[in-house]
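Everything on this sheet refers to the single structure shown next.
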């Protein structure tokens, strides 16, 4: 029986376990990346381990999230991360050098390698045949120290592509189509293998858009073959030597096969407030638009920007529309400037933002009240834009540019002649935005810079065998990490200050949660299906830990968040019978006895002391996860405390 691309990479990196679906496996990690919203905490955790030097082939610290420096907090974090990178052997990507996933794809990603990053869109690297996965910061810290990365062996799904995209139909539309088919939870526990004859029609940037958006399926990761198109891209980046061919075997076995004919796709949008709320543009064309944002790690490549420039050239954006354009990297911005495309974008009335995540994580450029904002991003969760009642639609760069010109949602196929965008034979290479680490000898003299906003990792203690606590919060389905621990310009600067950050925990759902949790001292959270979907931010587990949350009971969990809860020492339990969700209410006192036995058996009986009713919860814990929970979290477990 043949193997898929992902199975081949897993087999080559397997440290522990068997490649049996549903069982825990451990992988050797070749590369790691962090960004500044999650990086400070990851490096505080790495320092605590007492390891003098990173042990990966490559680790890169990017500054791309908290780039608005309206106070000292972000600048202090950047100096801290830069000094840690210098001392411990990481490359440091300066603010302005670009978005981590775009830069990593351009300059560092290698087919056949494993990569984990403290950002959920790390699967972007699957566009060049990497096994690239989002992870919590603590998992990244452990990998930097030479430890393995543990996941549940995924199922294998294949998306079989045929045909070729029509003009003005894009890779973003492919992403939206698979979301329409599978939904935001349809990829949970699976790796998406993109294959078929249609793959040969897609460039690396198009493939990277698709693997980036695969995160919204809940998938472990997504991956494309490494082929002659991959080689041409790497060669143009001056990295032809990094290429290896990699493809799935013809007799590889899949748990699910999905067929998509690229020739049949139409321009699409994801409507508020979920990436899988999909309609074709024809169903909604003509709706007034207030704001358009082009960029993010999903759609900020040179090809995307050149297409936008070709649509905007010689025209002016509509009155009442505010347009932002964020190139994905310094390389992209420089090449736009050199060829004159940047002038075309500016002349049309666009506001050019720096090469950073920016509006995608609510860091500036929030829409007006109830404003309709078209964004080429990957998420449109309620409130993520920085405006709680903003109406955010996810679209392609082509649809975004066309709509900016007309002031209403517009089918891009109506804007005029379609110009082919050729991939360059040579990209502009200038890596002076990457600062190299000190030598091992010189690193001994490097001082770590710590600003006053940087606070220690929350204290933990070993798990007790019984818990009696009130339900501090009960929430519904598809609670995202943006619900649990919001992003945005007002909050992101405090990602290294858990005590201050705790004020905003679950504020989108219940502004009183934080104070109530502090009064309860220890509590339980109850949620619906797909609890914790979205970003890899471990703050969505660390802040509840700080607030005394001991257990989260949900109908089902997103992969990264359940792992982050365990790493934080918080027990994730799932209702054995989803209908038992109705047996509990906020404020009820729940009693869980014989927890150690429950963890080993994977099932526990919980008594609702308020109503005197009982129900069962389940979760398949590995022996390692049980030891982590007993120790009080991964950090204590790793240190052997």
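The values are calculated or read from the model by the stated rules, or taken from the named source; none is laboratory data. No experiment lies behind these values; they were computed from the predicted model shown. As a convention, Cβ positions derive from the backbone with ideal geometry for all residues, glycine included, and neighbour counts pool all protein chains shown.
General remarks:
- Of all the listed residues (127, 136), the sole one being out of contact with any strand residue (DSSP E or B) (no Cβ under 8 Å at 6 or more places or on another chain), at pLDDT 95 or above and not assigned by TED's automatic domain parsing to the domain that holds residue 564 is 127.
- Unique residue being surrounded by fewer than 21 Cβ atoms within 10 Å (Cβ to Cβ), under 30 Å from the mean Cα position of the chain (by Cα), at pLDDT below 95 and in the same structural domain as residue 530 (by TED's automatic domain parsing) when the list is 620, 630, 555: 620
- Residue match in the stretch 151-164 (condition: part of a loop (DSSP other than H, G, I, E, B) and out of contact with any strand residue (DSSP E or B) (no Cβ under 9 Å at 6 or more places or on another chain)): yes
- Number of the exception - residue 579 against (1) in a loop (DSSP other than H, G, I, E, B); (2) modelled with pLDDT of 95 or more: (1)
- Some residue of the stretch 46-53 being surrounded by 24 or more Cβ atoms within 10 Å (Cβ to Cβ) and either within 17 Å of residue 91 (Cα to Cα) or at pLDDT 95 or above (or both): yes
- Members of the stretch 384-425 that are in a loop (DSSP other than H, G, I, E, B), within 28 Å of the chain's Cα centre (by Cα) and crowded, with 21+ Cβ neighbours inside 10 Å: 384, 385, 390, 395, 396, 409
- Boolean, residue 282 is out of contact with any strand residue (DSSP E or B) (no Cβ under 6 Å at 6 or more places or on another chain) and surrounded by 24 or more Cβ atoms within 10 Å (Cβ to Cβ): no
- Just one residue in the set 117, 112 is under 22 Å from residue 202 (Cβ atoms), touching a residue at least 24 places away in the same chain (Cβ under 8 Å) and in contact with a strand residue (DSSP E or B) (Cβ under 9 Å, 6 or more places away or on another chain); that residue is 112.
- Residue within the stretch 212-225 that is in a strand (DSSP E or B), under 26 Å from residue 167 (Cβ atoms) and in contact with a helix residue (DSSP H, G or I) (Cβ under 9 Å, 6 or more places away or on another chain) present: yes
- Single condition residue 459 does not satisfy, out of (1) in contact (Cβ under 8 Å) with a residue 12 or more places away in the chain; (2) surrounded by fewer than 17 Cβ atoms within 10 Å (Cβ to Cβ); (3) touching a helix residue (DSSP H, G or I) at 6+ places or on another chain (Cβ under 9 Å): (1)
- Positions within the stretch 494-513 being more than 25 Å from the chain's Cα centre (by Cα) and either buried (at least 21 other Cβ atoms within 10 Å of the Cβ) or in contact (Cβ under 8 Å) with a residue 12 or more places away in the chain (or both), in sequence order: 513
- Of everything listed in (1) within 25 Å of the chain's Cα centre (by Cα); (2) in the same structural domain as residue 194 (by TED's automatic domain parsing), the single unmet condition for residue 299 is (2).
Here is a yes/no grid of residues against (1) in a loop (DSSP other than H, G, I, E, B); (2) touching a helix residue (DSSP H, G or I) at 6+ places or on another chain (Cβ under 7 Å); (3) without any contact (Cβ under 8 Å) to a residue 40 or more places away in the chain; (4) under 20 Å from residue 215 (Cβ atoms):
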| position | (1), (2), (3), (4) |
| --- | --- |
| 478 | yes, no, no, yes |
| 483 | no, no, no, yes |
| 515 | no, no, yes, no |
| 524 | no, no, no, no |
| 529 | yes, no, no, yes |
| 537 | yes, yes, no, yes |
| 541 | no, yes, no, yes |
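- Tallying residues that are surrounded by 24 or more Cβ atoms within 10 Å (Cβ to Cβ) and assigned to a helix (DSSP H, G or I) within the stretch 165-178 yields 7.
- When the stretch 344-358 is limited to residues that are at negative phi and not in a loop (DSSP other than H, G, I, E, B), the one that is surrounded by the most Cβ atoms within 10 Å (Cβ to Cβ) turns out to be 345.
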